[in-house]
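Undergrad: The structure under discussion is supplied below as structure tokens; questions concerning it will follow.
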Amino acid sequence: MIETTVESIRVSLVTQNRVVILREVEGNRHLPIWIGAYEAEAIALELQGIAPTRPLPYDIIRVMLTELGASLDQIIISDLNEAVFYARIIISIGDRTVEIDSRPSDAIAIAVRTNSRIMVEESVMDNAGVSLDGDELDPTSLDPGHDDDISLADLTESASRSGGSSTASDELGIFRDFINSLDLEDFGKDNKNG
């Protein structure tokens with residue numbers, strides 16, 4: 001398994017689609033995952049240290065885990081099937097370990113609140129991970145009220161994919177089209193007008 005961190009959250013001004021970019025802790029591959037607007041905002045608020053006026057469901061889950069004496073060990077982006085990512089939340093309760101099926105966006109929103117590890121199965125990273133040829137993504141667009149129209153065109157060209165099949169690549173075609181539709185002109189700029 002591969003440990004990752006949230007590199008950034010991006011929004012296309014044209015399509016309004018959100019993508020969370022996970023980056024390998026020990027490598028240069030990135031895993032882009034489409035997420036909903038609400039989940040993107042929930043992740044961004046936590047990463048920026050902004051407390052919502054009322055607790056979000058993810059904040060309530062964190063408090064419930066603490067009050068019940070449970071801890072979130074890690075989340076795992078566990079599978080990719082027909083261009084849909086799947087995740088599992090791994091919780092320890094006493095001497096028991098519980099695995100819960102989850103959408104990746106929800107699992108990530110909980111993981112950032114509990115400072116838990118975000119893991120990706122090797123096969124998922126092999127099939128959907130991309131390299132940036134030494135360039136890092138700019139994580140400055142985490143403001144949930146800010147639409148940052150950037151290009152992640154470099155994300156569409158993956159380094160060698162060990163174990164990837166043409167079927168998995170075909171299923172990701174729509175996702176690659178989305179990534180290609182973003183504009184590179186503002187990539188890496190810190191937009192303070194947003």
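The values are calculated or read from the model by the stated rules, or taken from the named source; none is laboratory data. Predicted model, so just to flag it, every value in this text is computed and none were measured. Cβ coordinates were reconstructed from backbone atoms using ideal geometry, including for glycine residues, and neighbour counts include every protein chain displayed.
Undergrad: Could you tell me which numbered condition E82 fails, if it satisfies all but one of (1) within 15 Å of L31 (Cα to Cα); (2) modelled with pLDDT under 95; (3) of a type outside the set (A, V, I, L, M)?
TA: Going through (1) within 15 Å of L31 (Cα to Cα); (2) modelled with pLDDT under 95; (3) of a type outside the set (A, V, I, L, M) one by one, E82 breaks only (1).
Undergrad: Moving on. If only one of R29, R88 is closer than 16 Å to E121 by Cα, modelled with pLDDT of 95 or more and touching a strand residue (DSSP E or B) at 6+ places or on another chain (Cβ under 7 Å), which one is it?
TA: That would be R88, the only listed residue that is closer than 16 Å to E121 by Cα, modelled with pLDDT of 95 or more and touching a strand residue (DSSP E or B) at 6+ places or on another chain (Cβ under 7 Å).
Undergrad: Name every residue in segment 19-68 that is of a type in the set (G, A, S), surrounded by fewer than 18 Cβ atoms within 10 Å (Cβ to Cβ) and part of a helix (DSSP H, G or I), in order of residue number.
TA: A37
Undergrad: Count, please, the residues in segment 81-109 that happen to be more than 22 Å from N17 (Cβ to Cβ) and either part of a loop (DSSP other than H, G, I, E, B) or not polar (S, T, N, Q) (or both).
TA: Residues flagged as more than 22 Å from N17 (Cβ to Cβ) and either part of a loop (DSSP other than H, G, I, E, B) or not polar (S, T, N, Q) (or both) within segment 81-109 amount to 12.
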